[in-house]
1. Considering only residues that are open to solvent by less than 50 Å² (accessible area, probe 1.4 Å), aliphatic (A, V, I, L, M) and touching a residue at least 24 places away in the same chain (Cβ under 8 Å), which ones fall in segment 152-178?
2. What pairs come up if the first residue lies in segment 127-149 and is more than 12 Å from residue 89 (Cβ to Cβ), the second is open to solvent by 10 Å² or more (accessible area, probe 1.4 Å) and assigned to a helix (DSSP H, G or I), and their beta carbons are under 8 Å apart, counting only those six or more places apart or on different chains?
3. Going residue by residue through segment 125-139, is there one that turns out to be open to solvent by 30 Å² or more (accessible area, probe 1.4 Å) and outside any helix (DSSP H, G or I)?
4. Go through segment 106-124 and give me each residue that's farther than 29 Å from residue 82 by Cβ and open to solvent by 80 Å² or more (accessible area, probe 1.4 Å).
5. Only one of 156, 171 is within 25 Å of residue 79 (Cβ to Cβ), among the small types (Gly, Ala, Ser) and over 16 Å from the mean Cα position of the chain (by Cα). Can you tell me which?
6. Select from segment 42-87 the residues that are of a type in the set (D, E, K, R) and assigned to a loop (DSSP other than H, G, I, E, B) and list them in ascending order.
7. Could you list all residues from segment 16-45 that are in contact with a Leu (Cβ under 7 Å, 6 or more places away or on another chain), under 16 Å from residue 6 (Cα atoms) and open to solvent by 40 Å² or more (accessible area, probe 1.4 Å)?
8. Could you go through segment 179-190 and let me know if any residue there is closer than 21 Å to residue 107 by Cα, modelled with pLDDT of 85 or more and surrounded by 14 or more Cβ atoms within 10 Å (Cβ to Cβ).
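The values are calculated or read from the model by the stated rules, or taken from the named source; none is laboratory data. Fair warning: this is a prediction, and the values are worked out from it, not measured in the lab. Cβ atoms come from the backbone with ideal geometry, glycine included; neighbour counts cover every protein chain shown. For the accessible areas, the whole protein counts, side chains as well, though only heavy atoms, and no ligand, DNA or RNA atoms are used. Shrake-Rupley method; radii C 1.70, N 1.55, O 1.52, S 1.80 Å.
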Amino acid sequence: MGAMLPDRLRALIHLFARLPGVGEKTAQRYVLYLAGEASGAAADLGRELAALAETVRPCERCRNLAEVDPDGHAICAICRDSRRDPTILCVVARVQDLLAVERSSAMRGRYFVLGRLLSPLDGIGPDELPLAMLVSRIEQDGVREVILATPPSVDGEATALFLAQELTPLGVQVSRIASGVPHGGDLEFADPITMGRALVGRQRL
């Protein structure tokens, strides 16, 4: 079927299929829709995508995504918000994780996005983490507590342990987000690691 489409459409399908969570059939549906019924949307999408690399880049302070201002600087909305407590810093692996924490409305401090986790199998070691930038941020903002919000995976735990070892000598309090049984979940479906952490992190009522 793909051979029956023009080369340009097949190239676009291939590009769309490289997006996370988008398979070849979904990519084909997107491209055919944009090429047919939504030609106006295709023009708008193309214009915004073309401008993306020039107008959005990692925040200079926390590595969240930020829009470039007229002076050429990129400072995200969270770093610009004076209502945030600069002494509390939440370290996450990805921007998606930052958004997840923000949805909880429980974080009143600021963030730092690592961009990756320690992963020996993928060749990612300590030197690939932006540790120097993180330390500089802690010292400049007078951070008192660093909350490590890396995922509860092997790589996430290894990264949290490494950061705790590196940051504790700075005199800051280093904490780790709790993990356990999700709200509304049945205990019978909890895996042993999750159940173990739930018991270790139990609270007095």
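1. 158, 163, 167, 172, 174
2. 129/162; 131/166
3. Checking segment 125-139: not a single residue is open to solvent by 30 Å² or more (accessible area, probe 1.4 Å) and outside any helix (DSSP H, G or I).
4. Passing the criteria: 116, 120, 121, 122.
5. 171
6. Residues satisfying the conditions are 60, 61, 63, 69, 71, 81, 83, 84, 85.
7. Scanning segment 16-45 gives a single hit, 35.
8. no
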